[in-house]
């Protein structure tokens, strides 16, 4: 994996699925399409709630966003932390190692708001009895961490329907990539 554009453009992430827990990572083509659709992210507050390899948050930072990342899995969290140290970004990017549901509640207490939220939870896991993608989309809308004109990008299994508005978020675009969908919502 590599960072496509911006100040970190061309740098490689040596993410190893066997060492980092056999995670599904976002393809380079999908990552480029997501950032192309987002346009200029410079100065926007970007939350990657399920960071996995860290590539989406690092790409956002490279393009000028103010980035907060979270990875609950200890191995993947340590991988991201090591990259931040090696690239001297540990003071630039906030990285958490918490369950997502607890972390978003902490953001509310701190009064944090995000312009862009990227949700790519594990496809096979559920939260409150429903696929995590839908559950956490509803949660970030309800809990109040979205800025006034926020966009939420959800990467999800194509078998999970996301074709309805959620709260005050309308569907902006939806695109299929192999067995995944990327659905972008906007206030």
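Structure data summary
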item: Acute angle (nearest 10 degrees) that the helix 100-110 long axis makes with the longest principal axis of the chain, alpha-carbon atoms; result: 90 degrees
item: Degrees between helix 28-38 axis and first principal axis of the chain (Cα, 0 to 90, nearest 10); result: 60 degrees
item: Ascending count of other beta-carbon atoms within 10 Å, so fewest first, for 149, 51, 5; result: 149, 5, 51
item: Whether the range 28-186 is rounded, prolate or oblate, judged on the alpha carbon gyration tensor where a/c under 1.5 counts as rounded; result: rounded
item: Residue exposure sequence - 181, 29, 56 - by fewest surrounding Cβ within 10 Å; result: 29, 181, 56
item: Gaussian network model of the chain, springs between alpha carbon atoms under 10 Å - residue of 144, 57, 111 with greatest fluctuation; result: 111
item: Residues 62, 180, 36, sorted so that the one with the fewest Cβ neighbours within 10 Å comes first; result: 36, 180, 62
item: Degrees between helix 132-143 axis and first principal axis of the chain (Cα, 0 to 90, nearest 10); result: 80 degrees
item: FRET efficiency, 1/(1 + (r/R0)^6) with R0 25 Å, evaluated for residue 158 and residue 2 via beta carbons; result: 0.45
item: Candidates 102, 151, 74, ranked by Gaussian network fluctuation over the chain, Cα under 10 Å, top entry; result: 102
item: Fraction of antiparallel bridges per DSSP, the chain only, in percent to nearest 5; result: 55 percent
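Any read-out appearing in this document is the output of simple, stated calculations on the displayed coordinates, not a laboratory observation. Remember, it's a predicted structure, so these values are computed and weren't measured experimentally. Please note: Cβ atoms are built from the backbone with ideal geometry, for glycine as well, and neighbour counts cover all protein chains shown.
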